[in-house]
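The values are calculated or read from the model by the stated rules, or taken from the named source; none is laboratory data. Note that the coordinates shown come from a computational prediction; the quantities given were computed from them, not determined experimentally. So basically every Cβ, Gly included, is an ideal-geometry build from the backbone, and we count neighbours across all protein chains shown. For the accessible areas, the whole protein counts, side chains as well, though only heavy atoms, and no ligand, DNA or RNA atoms are used. Shrake-Rupley method; radii C 1.70, N 1.55, O 1.52, S 1.80 Å.
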Amino acid sequence: MVVPPLGQEVKVVSHLAAKSDFGTGAAMICSYGDTMDIQLFRELNLDPVAAIDEEGRMTEAAGRYEGLTVIAARAAISKDLHADGLVEKVVTIQHRTPICQRSGDPVEFILTEDWYMRQLDVLPKLKSLVDEMEFHPKRHKQLLVDWMDSITIDWPVGRRRYYHTEIPLWYCSSCGEVLVPEPGKYYRPWKDPAPFESCAKCGGTEFRGEEGVFDTWMDSSNSNLVACQYMKDMGFFRDHFPTSIRPQGRDIVRNWLYYTVLKSYSLLGEKPFEQVWISGMGLDATGRAMHDSLGNVIDPLPILAREGADAFRFWAASETNVGEEFRISEDRISGARRFLTKLWNVARFISSFPEAEAPELKPTERWILAELNKLLRTSASGYEDFNFFVPANRTRDYLWNLFAPHYIEMVKHRAYEEDASCLYTLHTVLRTLLRLLAPIIPFITDAIWRDIYGNTVHTESLPQPADEWESKLGKLTPALVEFNSAVWKEKKRRGLTLKEEISGIALPKNLMPFSDDLSAMHNIRW
Ligand SMILES: [Zn+2]
């Protein structure tokens, strides 16, 4: 069959892609109008014709349209078809065409030779390496597995654009041999003189530098190697590779995480990390992902400047379980800062009293230390799973809802009397909370620690539960909280200030051990 307007002959074959009720009933394919064309060219093993060059102009293959831009050529062809009387009718149709995300211009597919990195033949091995890595949360491992299962071609690593890492290769001008320079130096082959005397294959002395650059992830997949000083300090590298943890967002599992696994395996035959920590996405207040085009991107820098890095960190830790999406609310970030203020104020209060040796502990101390043990146990399980949501929220709850309003208020009178049981406990709890929170809010905890205890909190170990703090009194927390709340409510009902004496209050029997402290706290006349 002869195709207008250039009159070249093409073969007609039967194919499922042709729809008899659409247009002429024949499916026209060219190299390349769309991704379907690419698929059919591969499937039918056809020789593509490069009719458009990299500048977007028609090539020699376009005959008399050579040199025209794609748009101008389209108009010229339409005009010629009309002039030759080949146009039966013109109708407006709607069809799919890929467009550039930024400019909105239609995308043209241009055939070029390029560099690929092998991945298909090592996929089974990569999957077994992935099984050797521990994921937090466990379920997000599936994101990586699904991506690996979807890979059908090797990784195209070459890109045609400016300002990226150059592909460090030269080609022999005589025989075309690919020449690889010595490692250890950054090469710009399009600009630098070739670092070879002669071609190893043919002895030629003329070389052409590669002009292409690498895909972004070709560089990013080296980040763990850079951190371990690969090829810089190999002693350090051997001590630290594989690295202990890769923290990253779930949106770049298929590129940053996957290509790092591929790169580390291809270079070293090993997994890149022991652990992988995958966070969810921060969404806008209405639950949408943030995009420049939606105009809903929240700039963290002004928030950091206003609320401080620790408030931001505490908010991020306490907002959601690891791996889950979260909505970004500036109010909640401010709320995190209010907790830091609370911590600061509690620490300032405690710092006004001297530390004391561990004496015989009184019931109120035994109760709050038993609660501290509970906090330490739950927090440890959160930290072990790299889920900072657990220690952040449990510690806030302990400090804000138990230690400050109940314990401190109950023992204030003894603190001023420098009662050893009380002073020991105030400082023990503060030291423990600072050590517990240091991984999440490193700045404020260290500032408080240095101020009160000297040195740095960051050389301290994570606090562990202590057997001697175990006590049955820990079970009385709900009763105690309920009693205090009832007294506060009753004082309010009677129009009394918190300090004013109150009578007619009955102490539940199980709270008898706290009788003295409760009576001092509320000024109760039994
Ligand atoms: Zn050569």
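Overview of results
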read-out: Table column - 3J(HN,Hα) (Hz), segment 37-44, Karplus curve with 6.51, -1.76, 1.60, x for Gly and Pro; value: 4, 4, 4, 5, 4, 5, 5, 8
read-out: Carbon/sulfur fraction of accessible area - segment 446-526, other protein chains in place, 1.4 Å, %; value: 51
read-out: Accessible area (Å², per residue) of the chain, counting only protein heavy atoms and a probe of 1.4 Å; value: 59
read-out: Only Lys, Arg (+1) and Asp, Glu (-1) charged, at Cβ; the chain dipole about Cα centre in debye; value: 2000
read-out: Distant-in-sequence amide H partners of residue 169 (H built 1.01 Å from N, under 5 Å); value: 210
read-out: Share of carbon and sulfur in the accessible heavy-atom surface of segment 197-246 [1.4 Å probe, %]; value: 48
read-out: At most 11 other Cβ within 10 Å, DSSP loop - GluC sites (Glu not before Pro), segment 403-487; value: 417, 418
read-out: No Cys partner within the rule (Cβ under 4.7 Å), the chain; value: 30, 100, 228, 422
read-out: Net charge dipole size for segment 313-353 [Lys, Arg +1 and Asp, Glu -1 on Cβ; Debye, nearest 20]; value: 320
read-out: Backbone HN-Hα couplings from phi across segment 203-219 [Karplus 6.51/-1.76/1.60, Hz, Gly and Pro as x]; value: x, x, 10, 9, 9, 10, x, 4, 9, x, 10, 8, 4, 3, 6, 4, 7
read-out: Sparse-neighbour loop sites [GluC sites (Glu not before Pro); segment 305-340; at most 15 other C-beta within 10 Å; DSSP]; value: 324, 325
read-out: Long-range HN-HN contacts of residue 207 with modeled amide H, under 5 Å; value: 173
read-out: Computed [θ] at 222 nm, deg cm²/dmol, the chain (DSSP H ≥ 4; -39,500 (n - 2.57); rounded to nearest 500); value: -12000 deg cm²/dmol
read-out: Overall dimensions of segment 272-412 by Cα: Rg and Dmax, Å; value: 18.7, 65
read-out: With Cα atoms, 0 to 90° folded angle of helix 330-351 axis to the chain main axis; value: 40
read-out: Three principal axis lengths of segment 44-198 [C-alpha, angstrom, descending]; value: 68, 53, 33
read-out: Cross-link partners of residue 185 among aspartates and glutamates (Cα-Cα below 14 Å; sequence separation of 8 or more within a chain); value: 166
read-out: In Å², nearest 10: area of residue 208 left accessible to a 1.4 Å probe; value: 140
read-out: Label zone at residue 332 (point 7 Å along Cα-to-Cβ), backbone N below 17 Å, segment 360-403; value: 387-397
read-out: Dipole of segment 207-311 [Lys/Arg +1, Asp/Glu -1 at C-beta], most positive-end residue of 311, 231, 293; value: 231
read-out: Pairwise FRET efficiency - residue 100 versus residue 451, Cβ, R0 = 51 Å, nearest 0.05; value: 0.35
read-out: Of all accessible heavy-atom area on segment 327-388, the percent that carbon and sulfur account for (1.4 Å); value: 49
read-out: Ellipsoid semi-axes in whole angstrom, largest first, where each is sqrt(5λ) of the Cα gyration tensor of the chain; value: 70, 30, 20
read-out: Helix axis angle, 70-83 relative to the chain longest principal axis, alpha carbon, degrees; value: 40
read-out: Label-to-label distance, nm, for residues given as residue 509 and residue 360 (7 Å Cα→Cβ offset); value: 2.6
read-out: In degrees, nearest ten, helix 389-398 long axis to first principal axis of the chain (Cα); value: 20
read-out: Solvent accessible area, Å² - residue 53, 1.4 Å probe, full protein context; value: 50
read-out: Other-chain or far-sequence residues with amide H under 5 Å of residue 246's (modelled H); value: 275, 276, 277
read-out: Among 101, 267, 76 - extreme Cα towards positive end, dipole of the chain, charges at beta-carbon; value: 101
